[in-house]
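Student: I have a structure here, written as structure tokens, and I will follow up with some questions on it.
Taken together, the values in this text are just the output of simple stated rules run on the coordinates, not laboratory data. It should be emphasised that the depicted structure is a prediction, and the values quoted were computed from it without experimental measurement. Every residue, glycine among them, receives a Cβ derived from its backbone with ideal geometry; neighbour counts consider all protein chains shown.
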Amino acid sequence: MAARRAGQRCQGRGSHRPIVPPASPSAATRGHRPPDVDRQARAPLQRLASVRESVNRGESLETVIRRQRPPIHFLREQSFKAQVNRWSDERLADALDMLLEAEALSRTTAVPAEAVCGRTLMNIAALAKAR
């Protein structure tokens, strides 16, 4: 049986889905404009910043999570708590600044928006991993 290449169509039973999706420079953002991806990445960080601010004021994390609207799904609560504990206020502010700068850079210069978006998301991931 011959190996299939990326993007080749499957010939069996009416399936027209590729066996291996074609390679793209930005598989995670396929079909979305980079400024939209930056904006979508900003929302969870803003939510984390809001929760961190409430916790810093002395409220319990459990109370703050219960008050969130839209509510955090019960299967995601532990993950969300870990994220709140992982991100410091300074790193959240840095990440949000990076997203705003990336959006401005991609809108006002000739720098390719995909490159700016990809680099920004990678920098934020590295920031999240740093302790």
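Student: Let me check against my output: what whole-number percent is the relative contact order of the range 32-129, with C-alpha pairs under 8 Å and at least 6 apart?
Tutor: On the way: 64 pairs, mean separation 37.2, N = 98.
Reported as a whole number, the value is 38 percent.
Student: Moving on. So how much slack lies between GLU101 and THR63, counting 0.36 nm per residue of separation and subtracting their Cα-Cα distance, in nm?
Tutor: On the way: separation 38, 0.36 × 38 = 13.68 nm, distance 3.31 nm.
The GLU101-THR63 span can extend by a further 10.4 nm.
Student: Please identify every one of the GluC sites (Glu not before Pro) in the range 25-131 that sits in a loop by DSSP and has no more than 15 other beta carbons within 10 Å of its own beta carbon. Write out the running numbers ahead of the final one.
Tutor: Working: sites: GLU53, GLU59, GLU62, GLU77, GLU90, GLU101, GLU103, GLU114; in loops: GLU59.
The qualifying sites are GLU59.
Student: Right, here's the next one. Hey, what do the phi angles of the range 62-72 turn into as Karplus ³J(HN,Hα) couplings, whole Hz, using 6.51/-1.76/1.60 and θ = phi - 60°, x for Gly and Pro?
Tutor: 4, 5, 5, 5, 5, 7, 5, 10, x, x, 7
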